[in-house]
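Report on the structure given below.
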Amino acid sequence: YPMILSHIQLKNINLQTLNINNIISNTLNENLNFEQLIATTNINGNFLVIAGAGSGKTRIIIYRTFLLLNLNVPPKKILILTFTRKASKEIRSRIDSLFVNSEVQIETFHSLAYRCLKKYSQNRSFKVITLENYFNLSKKSIFFEKISKIISQEQIKKLLSTASYEDNLLKKEISHLKNHEKNLILNFLHDLSLIKISSNVFTFDDLIQSFITFLDSRTFSLKFDYVMVDEYQDTDSFQISILKKISNSNLMVVGDDFQSIYGFKGTSPNNILNFPFDFPKVKTIILNKNYRSTPSIVDLSNEISNSFLFSFKKELISTNSNLEKPSLNIFKTHFDEIQSIIKQIENLILENSNCKIALLFRNYIHMEFFIKDFKKSNLNFSIIPNPFLENIFSDIHFDENAQIELLTIHSSKGLEWDYIFIPLLLDGILPSCIGENIDYEEEKRLFYVACTRTKKRLFLSYPLTFYNDFGFFNRASPFITNISSKFYNIKRG
């Protein structure tokens, strides 16, 4: 992507031209660094903000909105798009703390589609169904029994979650099947589309598709004067299509191609890399100051990102003074690894009783032995609800305020803790060997995301051998072996 570096990088600020009073000007100056100020105060045109991990990207959206409101832009003409309700709530509360009851529209792509279709479309009586309800509905299909003999119920659910959205994902999902089996699945999906129409239900993917069709119908125009998108690297081609239809040439997207980790949902780092080609006259701003992590953790994460094949190259700089290196612990067995981590966690809590600790895993299945031993040690922890683990443990719970959390790397994105443990760094676990068509580059970005979640210390580890239902693993992850040992302290035992 050599062309990506050729478009304009903004490097100037002129608060005087904005016609704002000293109080607002001082608020911006006191709360934003130079690059953040550039991103906040340049309001007209299309902007790509490449925001490194821990660089305060949401802060830009907050203060830019605050500025627009103080410039008397009507709140209903400002749209902020996020990817989760939690992110929407956080942005809402932070804007309201600066500008009470702002009434700015803060939506996810799905909530925007839902509100608009419910209010303006001809079909306002539709219902949106969950994947579980969609699966139950699929049993009405005359092809369901035949399909059940070819693939498992879990595979059917996976098929339903990809099929209606992206042809390429569907092709990938059924590529290993015989031709007559593929045809059976296509007939099943076609039958299902008719069942959905007769039941007047939408999946979340259908909701987006219907919204695009509605915007294309020209019977209705939805335009905002200012649109801002958080986590732009998580967009897919359909969401980009929506942005082209609703933004009025003042579009700012904020994101990090290094943290594009949702390929299974149809996202790709190409979406953020191609932003300057999808929208006219884009100007770029790079945020490279990391306010979260220590210099040695930032050095390690820079080393990981230097090997990314397709990316917007950036070196992050830490503003922190702690110089302690990440540790890499190598153990004989997985049992030794767990026991050592338990002792380390107990010591960290003794040092700082209020600290927040997370263990990050490539997959839920790797949490099982940790949970058993944590329970024996009476360590209080939480996990996000998950069917696999709930089948094994009846009394696990999720509490956002728990001191110790066990998460998958995917669910850790956007979050931070004082201390992070990343165990089982073995080839076949990270990068994963589970599933079809594993994207090695995305696995590398997953490792990057995991390492950048920590504020104070990072603990990497692996056992020399590990065995589970998916195989025997006895090689260190290439993500570790390909990095110079100068970036961490190695301990054995």
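The values are calculated or read from the model by the stated rules, or taken from the named source; none is laboratory data. Note that the structure is predicted; figures quoted are calculated from it, not measured. A quick note on method: Cβ atoms are made from the backbone with ideal geometry, for glycine too, and the neighbour counts reach across all protein chains shown. Quick note on the areas: whole protein, heavy atoms, side chains included, nothing else; ligands and nucleic acids left out. Shrake-Rupley method; radii C 1.70, N 1.55, O 1.52, S 1.80 Å.
Within region 323-379, the residues that satisfy the criterion of being over 29 Å from the mean Cα position of the chain (by Cα) and part of a strand (DSSP E or B) are I330, F331.
Of all residues in region 41-52, those being over 21 Å from F277 (Cα atoms) and touching a helix residue (DSSP H, G or I) at 6+ places or on another chain (Cβ under 7 Å) number 1. Within region 402-417, none of the residues are assigned to a strand (DSSP E or B), under 21 Å from the mean Cα position of the chain (by Cα), of a type in the set (F, W, Y) and within 21 Å of F479 (Cα to Cα).
Annotation: A358 fulfils all but one of (1) among the small types (G, A, S); (2) touching a residue at least 24 places away in the same chain (Cβ under 8 Å); (3) surrounded by fewer than 18 Cβ atoms within 10 Å (Cβ to Cβ); the unmet one is (3). Scanning region 267-274 turns up no residue that is on the phi > 0 side of the Ramachandran plot, modelled with pLDDT under 90 and open to solvent by less than 40 Å² (accessible area, probe 1.4 Å).
In region 215-235, the residues that are within 20 Å of K89 (Cβ to Cβ) form Cβ pairs under 7 Å with partners that are of a type in the set (K, R) and open to solvent by less than 50 Å² (accessible area, probe 1.4 Å), at six or more places apart or across chains, as follows: M228/R64.
Every residue, every condition in (1) at pLDDT below 90; (2) closer than 23 Å to G255 by Cβ; (3) buried (at least 20 other Cβ atoms within 10 Å of the Cβ), yes or no:
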site: S198; (1), (2), (3): no, no, no
site: V201; (1), (2), (3): no, no, no
site: R218; (1), (2), (3): yes, no, no
site: V227; (1), (2), (3): no, yes, yes
site: D230; (1), (2), (3): no, yes, yes
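Of all the numbered requirements in (1) within 30 Å of Q153 (Cα to Cα); (2) modelled with pLDDT of 90 or more, L68 misses one, and that requirement is (1). Annotation note: Cβ proximity below 6 Å between a residue of region 20-36 that is farther than 20 Å from S55 by Cβ and a residue that is in a helix (DSSP H, G or I) and among the β-branched types (V, I, T) (sequence gap 6+ or interchain) occurs for no pair.
Number of residues in region 134-156 that are closer than 9 Å to L192 by Cα and surrounded by 14 or more Cβ atoms within 10 Å (Cβ to Cβ) equals 3.
Candidates in region 319-355 are the residues that are among the polar types (S, T, N, Q) and crowded, with 17+ Cβ neighbours inside 10 Å; of these, the one that is farthest from L460 (Cα to Cα) is N320.
Residues being open to solvent by 20 Å² or more (accessible area, probe 1.4 Å) and small (G, A, S) are represented in region 480-488 by at least one member. Restricting region 309-318 to residues that are at pLDDT 90 or above and open to solvent by less than 80 Å² (accessible area, probe 1.4 Å) leaves a set whose member that is nearest to R445 (Cα to Cα) is L316. In the set S175, S193, S164, only one residue is among the polar types (S, T, N, Q), at negative phi and at pLDDT 85 or above; that residue is S193.
Within the set S296, S305, the sole residue that is open to solvent by less than 10 Å² (accessible area, probe 1.4 Å), closer than 24 Å to L458 by Cα and of a type in the set (S, T, Y) turns out to be S305. The sole residue among L424, L389 that is hydrophobic (A, V, I, L, M, F, W, C), closer than 14 Å to F361 by Cβ and not in a loop (DSSP other than H, G, I, E, B) is L389.
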